[in-house]
Amino acid sequence: MRIFDFFTIIYDEVFILQLLAVSFSIVWIFYDWKKETKNIAIGIAYICGTFLVGTLLNWLLFALSTVWRAVAGIHFQIAWLLTIFLYLGIFDRTYVTSRFIIGATIFITAITTAEFGHELGGYLGSVYRGRSWDWICYLADLFMIGFAFVIHKYTLKRYNDIPVLSVVLILITTIVSTALIISKTVIKMSAGMRFEAYYCIELAGIFVISVISYLMVYYHCKVRKEKTILEVQNKLLEADKQMLIISEQAIEEMRSLRHDMKNQHKVMEIMLKEGRYDDLKEYFFSMEKSDMQSTFSGFINCGNQLINSIVNMEILKANSYGISLVSKINVPQFLPFEPSDLCRVLVNLLDNAIEGILRTESRDYLIDLKIGKRMDYLYISVQNEIRDDADRESLLKMNTAKDDAVNHGYGHKIVKRIVEKYNGYVHYTIVENEFVAEVMLELKRGG
């Protein structure tokens, strides 16, 4: 068999349209389309490039099958697996889990629809001879493209915390379906089996299962994100409520202070008129001592309303346990991060610091918070004291000592995922008896 027989035996109109359908589907799903001439031109170039790569890989695998019979008949499946793998590895920069799920789904639907069109067209051709059933293959290509539009609309690219169970579901579906198709193809190639109606039903079932599995994963992730956003909104509402209470208390304190100052002014005026300078000096000292002993809540106003709400809520929470939260914050008025992400990072870090201090026996109940801009990153540092006998190795690995270990561990995973989302890093260190959590989030990535 000559190497160029591929273009006379395999590379017909039906096969070319299948290549175009899959190439379009891959690029349509993964490329970031915009209503700009240059962007559209680049997207079309990607489709053409994907088509050429698919053609080249099919040709090479067809040539390989002449000397290695194991790949005979399954070059289409292998070629598209390699094409999708190369495209995702070179051009796509979405989250690994979403990339894997979408890639696996597009792969199994591509080979399923192609095999379904070929099998059903062949079966109908064997029953109703004398007619051309190529339009069945074209219809299968349209199903492939239609599902690509579905994935494009309900994309997982925006989700970075896809559950492991969802990944396992797609993985099992893809492996089992691929194994069934490849094994059936190999058997048909070796035994010369005819086209079978029930195999068409199996292929249709695989396609439906793949579509349903993907949509289940999508809606599960959507519900999780909506739940997270709702929780964050509740926290922010709680923070706003606390700030309203604080504002009312501040107004009342101002009124009381104003009334008190009037009385003190009258007392000092009488002492001054009577020439009681020693008494006046002692009165000043007593006022200064009273001011030093008065409580100061330490609420912040850094210019960023979101950080104000979150940190002040945590300050109030820390004060309720007798813990002081000292902060040094220098941030822009607006930050390019999703409010829910920034809220989850700060709340998790500060809650963990509060819990860490409560486990100590020290009287130095202090949390040191620093937030600022470093180069192109937002830097967050939270520092708190730990017990002398604390398991430092477990703390650095983020193992938990809380009763609610599952949720606490999940909190650390949340911080890690958000850090990965913004191309940053999270680092934990222990300096003497101080635990330091540091987070950096890329400002450009957030924007």
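The values are calculated or read from the model by the stated rules, or taken from the named source; none is laboratory data. Model, not experiment: these values are computed from the prediction. Reconstructed Cβ throughout: ideal geometry from the backbone, glycine too, with neighbour counts over all protein chains shown. All accessible areas refer to the heavy atoms of the entire protein, side chains included, with ligands and DNA or RNA removed. Shrake-Rupley method; radii C 1.70, N 1.55, O 1.52, S 1.80 Å.
Residue pairs whose Cβ atoms lie under 6 Å apart, separated by 6 or more positions or on different chains, with the first residue in region 37-57 and farther than 18 Å from residue 16 by Cβ and the second open to solvent by 60 Å² or more (accessible area, probe 1.4 Å) and in a helix (DSSP H, G or I), do not occur.
Residue-by-condition table, conditions (1) surrounded by 12 or more Cβ atoms within 10 Å (Cβ to Cβ); (2) of a type in the set (A, V, I, L, M, F, W, C); (3) under 23 Å from residue 108 (Cα atoms):
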position	(1), (2), (3)
14	yes, yes, yes
22	yes, yes, yes
25	yes, no, yes
34	no, no, no
41	no, yes, no
46	yes, no, yes
56	yes, yes, yes
67	no, yes, no
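Looking at the structure I just gave you, is residue 198 modelled with pLDDT of 90 or more and farther than 30 Å from residue 98 by Cβ? For residue 198, the condition - modelled with pLDDT of 90 or more and farther than 30 Å from residue 98 by Cβ - is not met. Have a look at 124, 64, 52, 86 and point out the one that is out of contact with any Leu (no Cβ under 8 Å at 6 or more places or on another chain) and closer than 29 Å to residue 213 by Cα. None of the others qualify; the one that does is 86. For region 310-327, the set of residues classified as open to solvent by 50 Å² or more (accessible area, probe 1.4 Å), free of Cβ contacts under 8 Å to residues at least 40 places away in the same chain and under 18 Å from residue 385 (Cβ atoms) consists of 317, 319, listed by residue number. Cβ-Cβ under 9 Å, sequence separation 6+ or interchain: first residue in region 128-141 and modelled with pLDDT under 85, partner part of a helix (DSSP H, G or I) and hydroxyl-bearing (Ser, Thr, Tyr). Which pairs? Between residues of region 128-141 that are modelled with pLDDT under 85 and residues that are part of a helix (DSSP H, G or I) and hydroxyl-bearing (Ser, Thr, Tyr), the close pairs are 133/123.
Please determine whether any residue of region 423-444 is touching a His at 6+ places or on another chain (Cβ under 7 Å), modelled with pLDDT of 85 or more and under 30 Å from residue 156 (Cα atoms). Yes, region 423-444 has at least one match. Step by step: first the residues of region 77-111, then only those that are within 17 Å of the chain's Cα centre (by Cα) and assigned to a loop (DSSP other than H, G, I, E, B), then the one that is farthest from residue 424 (Cα to Cα). Which residue is that? Per the stated criteria, the residue is 92.
Just one of the listed residues (343, 302) is at negative phi, assigned to a loop (DSSP other than H, G, I, E, B) and modelled with pLDDT of 85 or more, namely 302.
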